[in-house]
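Nothing in this text is a laboratory measurement; each read-out follows from the coordinates by a stated rule. All of these numbers come straight from a predicted model, not from anything done at the bench. Note: ideal-geometry Cβ built from the backbone for every residue, glycine included; neighbour counts use all protein chains shown.
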Ligand code: NDP
């Protein structure tokens, strides 16, 4: 049976932040510094996409670069320093219990809060290859703007046929010597303009009707095992960029929010519930933009709670 750890305190927290990535933890830094009693439900796999990354070189303030997990540890420590309570539980349901309170059920406990920030992010859809997860950060990536720099003069592959794959390939051409897009069909679904840019680019070639069977390499990626119209082959590559889509973590919010056809949150439909980060952003998807969205949501919460107290 789940227990309510704040049974004696019917309101619980001023704000519950769902998500422990850059958006959620930045929001927590701001709300706790604003003296709001802050709970972060960071999930069992806290840290968002950055926890899967190796070196981060584009987060301002770290000219030497910083390891993704270390950056997330620092954000967590900063939120805790100002009094945020962080629990590593996954929220399974949320409801507005009355005009002044949300009730959140997580796997071990139940929590109450006057306001909520949804910062649940979006997960990369991976290919499910036998060696894919092991080589993430060692040649396997899902973010060219983050990692292209590490592939200077190298040969890389991009999997996918949508706009994201086209964009990843174009970003990679700035560093890599050769970019190969591997697509499972014989036509791209990307917008025409992006297709034209890719197909006319001297550094990009396309392997049509080809599926990736596995990614090869011990310490780092050395090649790909492929299947083209029933024929197996192995080709050397230094990197694999997977761009077959993202899945926003918006399922549990139901009618509290409005989503688009892919599940990205367009807006909150619920007073007191605010949205931040990649769960509402399929365009930028950067740690620094997620942190900025977290800041905005935190400031909106502060204002909203002030108005509630005043009325
Ligand atoms: P999309 O859903 O548009 O494309 C996903 C691609 O991945 C498809 O080509 C699909 O193949 C392929 N794919 C899916 N699953 C697999 C798999 N298991 N194995 C191999 N290939 C697979 O996703 P995107 O992330 O590209 O784009 C999402 C949205 O964001 C779109 O609306 C897009 O327009 C937008 N966007 C816009 C950008 C821009 O305008 N600059 C940049 C990035 C995204 P198939 O075609 O066979 O289904």
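Regarding segment 35-102, what are the three Cα extents along the principal axes, ordered largest first, in Å?
Principal extents (Cα only, largest first): 49, 27, 17 Å.
Which percent of Cα-Cα pairs in segment 126-242 sits in each 10 Å bin, short to long?
15, 51, 31, 3
Convex hull over the Cα atoms of segment 115-192, averaged projected area in nm²? Please list the in-between numbers first.
On the way: hull surface 29.5 nm².
Dividing the Cα hull surface by four gives the mean projection, 7.4 nm².
Based on alpha-carbon atoms only, what is the radius of gyration of segment 76-168 relative to the globular estimate 2.2 N^0.38 Å? The partial results should precede the final answer.
Working: Rg = 19.8 Å, N = 93, 2.2 N^0.38 = 12.3 Å.
Against the empirical 2.2 N^0.38 Å value, I get 1.60 for segment 76-168.
If the chain between residue 133 and residue 261 were fully stretched, how many nm would it gain, using 0.36 nm times the residue separation less the Cα-Cα distance?
43.3 nm
Sorted from largest to smallest, which semi-axis lengths in Å does the alpha carbon gyration tensor of the chain give for its equivalent ellipsoid, taking the root of 5 times each eigenvalue?
Values: eigenvalues 324, 73, 60 Å².
Each semi-axis is √(5λ); the values are 40, 19, 17 Å.
Quote the Stokes-Einstein diffusion coefficient, in whole µm² s⁻¹, for segment 177-271, based on the Kirkwood radius over alpha carbon pairs, a temperature of 25 °C and a viscosity of 0.890 mPa s. All intermediate terms of the calculation are to be shown ahead of the outcome.
Values: Rh = 16.4 Å.
In µm²/s, the coefficient is 150.
Which angle between 0 and 90 degrees, to the nearest 10, do you get for helix 22-33 versus the longest principal axis of the chain when only C-alpha atoms count?
30
Give the peptides 157-166, 276-285, 258-267 in descending order of average Cβ contacts within 10 Å, highest first. Please report the intermediate quantities before stating the final value.
Details: 157-166: 24.0, 276-285: 22.2, 258-267: 13.7.
Listed from highest to lowest mean packing, they are 157-166, 276-285, 258-267.
To make sure I understand, if each residue's beta carbon is the centre and we count other beta carbons within 10 Å, what order do 187, 38 fall in, fewest to most?
On the way: 187 9, 38 29.
Ascending Cβ contact count within 10 Å gives the list 187, 38.
With labels modelled as points extended 7 Å from the Cα through the Cβ direction, what inter-label distance (nm, one decimal) is found for residue 220 paired with residue 107?
Result for the modelled spin labels: 3.5 nm.
Describe numerically, in nm with one decimal, the distance between label points set 7 Å from Cα along Cα→Cβ at residue 58 and at residue 213.
Result for the modelled spin labels: 3.4 nm.
Helix 68-81 sits at what angle to the longest principal axis of the chain, using alpha carbons and giving 0 to 90 degrees rounded to 10?
The answer is roughly 10 degrees.
Report the far tail of the P(r) of segment 207-253, meaning the percent of Cα-Cα pairs longer than 14 Å. Before the final figure, lay out the partial values.
Working: 641 of 1081 pairs.
Summing the P(r) tail past 14 Å for segment 207-253 gives 59 percent.
Nearest 10 degrees, 0 to 90: what angle lies between the long axis of helix 163-172 and the longest principal axis of the chain (Cα atoms)?
With rounding to tens, the tilt is 70 degrees.
Do you know the relative contact order of the chain, to the nearest whole percent, from alpha carbon pairs under 8 angstrom that are 6+ apart?
Details: 715 pairs, mean separation 64.0, N = 311.
In percent, rounded to a whole number, it is 21.
I want to check the label-to-label distance for residue 93 and residue 73. Put each point 7 Å from Cα in the C-beta direction and report it in nm to one decimal.
3.8
What ranking of 218, 211 emerges when the number of other C-beta atoms within 10 Å of each C-beta is taken as an exposure proxy, fewest first? Intermediate results must be reported in sequence, preceding the final value.
On the way: 218 10, 211 15.
Going from sparsest to densest Cβ surroundings: 218, 211.
Counting other beta carbons within 10 Å of each residue's own, what order do 174, 37 fall into, fewest first?
On the way: 174 13, 37 18.
Ranked by crowding around the Cβ, least crowded first: 174, 37.
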